[in-house]
Amino acid sequence: MTTSTRRLEGKVALITGAASGVGECSAKLFAEHGAKIIIADIQDQLGQAVCERIGRSNSIYIHCDVTNEEDVKNAIDTAVATYGKLDIMYNNAGIMDPKKERIIDNEKSDFERVLSVNVTGVFLGMKHAARVMVPARAGSIISTASIVSNIGGVCPHAYTCSKHAIAGLTKNLAVELGQFGIRVNCLSPYALDTPQATGFTGLEGEAFKDMVNSIANLKGVTLTTDDVAKAALFLASDDAKYISGHNLFIDGGFSIVNPSFNMFQYPENS
């Protein structure tokens, strides 16, 4: 890849939850496109290993529990102290509540734990990114939401609630920070093979892939972490310089259709 084709050349990006899954894939892709990377996670060994693979010359790892404001503040201050600025804040860390379909079986403690990571953690990332981006009059803030930011009946209550909240926070902050030239967007992917998703479903590898593809709207292709990372790269880059307040669905049209009607179902042999 030449310097001219690297879309984040000279940029500094902090990614939470970057030790695995979508965050890890995004960290590698952003680095390939010329960004300096701050990997923020609580999985220290995995996070350090990602740094090794990216290269210590253009990445650092910092332990960061996104529910702890001091940790988030420190991660962003470390980014600025190390690389002189923060151009991209990618709030990607997230967890899912236990698989309990009936609300009467849901525990308050589980509900609050999910919201603490998925909502408060994103709020804190946005807050402290804004703290350093507003004086610079530039920046891109991205958060990982989900298809359940817009639809129900797919994931547990706390997770669905939290992803709706991310979409709302994104809209509000895009309005507030637009006057400073800062863009704020989120990503809403369909199910994909990550440690979180496979842990929740109990399926791995081909079994997981077959399950999600069987109910997908777009056939013949499987969503991967690389696809989500590429969408994040687009939103982080100057290619998306006039996109703000947007919730980008990466779901092959899954969230826009009610399949119960089967209106456009072709015969099997067509």
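Every number here is computed from the coordinates shown, using simple stated rules; none is lab data. Here the structure is a predicted model, which is why all the values come from computation and not from measurement. Cβ: placed from backbone, ideal geometry, glycine included. Neighbour counts: every protein chain shown.
A few remarks follow.
- Residues (out of contact with any strand residue (DSSP E or B) (no Cβ under 6 Å at 6 or more places or on another chain) and part of a loop (DSSP other than H, G, I, E, B)) located in the range 244-266: Gly245, Asp251, Gly252, Gly253, Val257, Asn258, Asn262, Met263, Phe264, Gln265, Tyr266
- Qualifying residue in the range 36-57 (condition: assigned to a helix (DSSP H, G or I) and at positive phi): no
- Test for Asp41: is it of a type in the set (Asp, Glu) and surrounded by fewer than 24 Cβ atoms within 10 Å (Cβ to Cβ): no
- Arg137 of a type in the set (Lys, Arg), surrounded by fewer than 17 Cβ atoms within 10 Å (Cβ to Cβ) and in contact with a Phe, Trp or Tyr (Cβ under 9 Å, 6 or more places away or on another chain): yes
- Hits in the range 161-195 (condition: in contact with a Gly (Cβ under 6 Å, 6 or more places away or on another chain) and more than 23 Å from Val221 (Cβ to Cβ)): Lys171, Ala174, Ile182
- Check on Asn269, farther than 30 Å from Ser140 by Cβ and assigned to a helix (DSSP H, G or I): no
Rundown of residues vs (1) in contact with an Asp or Glu (Cβ under 7 Å, 6 or more places away or on another chain); (2) in contact (Cβ under 8 Å) with a residue 40 or more places away in the chain; (3) within 16 Å of Lys241 (Cβ to Cβ), yes/no style:
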{"position": "Arg137", "(1), (2), (3)": "no, yes, yes"}
{"position": "Ser143", "(1), (2), (3)": "no, yes, no"}
{"position": "Ser146", "(1), (2), (3)": "no, yes, no"}
{"position": "Ala158", "(1), (2), (3)": "yes, yes, no"}
{"position": "Cys161", "(1), (2), (3)": "no, yes, no"}
{"position": "Ile166", "(1), (2), (3)": "no, yes, no"}
{"position": "Leu169", "(1), (2), (3)": "no, yes, no"}
{"position": "Val184", "(1), (2), (3)": "no, yes, yes"}
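- Answer residue from the range 85-111, given it is touching a residue at least 24 places away in the same chain (Cβ under 8 Å) and part of a helix (DSSP H, G or I) and is surrounded by the fewest Cβ atoms within 10 Å (Cβ to Cβ) among those: Ile103
- Test: residue in the range 199-221 that is closer than 27 Å to Ile88 by Cβ and touching an Asp or Glu at 6+ places or on another chain (Cβ under 9 Å): no
- Some residue of the range 163-173 being in contact with a strand residue (DSSP E or B) (Cβ under 9 Å, 6 or more places away or on another chain) and among the β-branched types (Val, Ile, Thr): yes
- Residue, farthest from the chain's Cα centre (by Cα), within the range 115-143, restricted to residues that are under 15 Å from Ala40 (Cβ atoms) and not in a helix (DSSP H, G or I): Ile141
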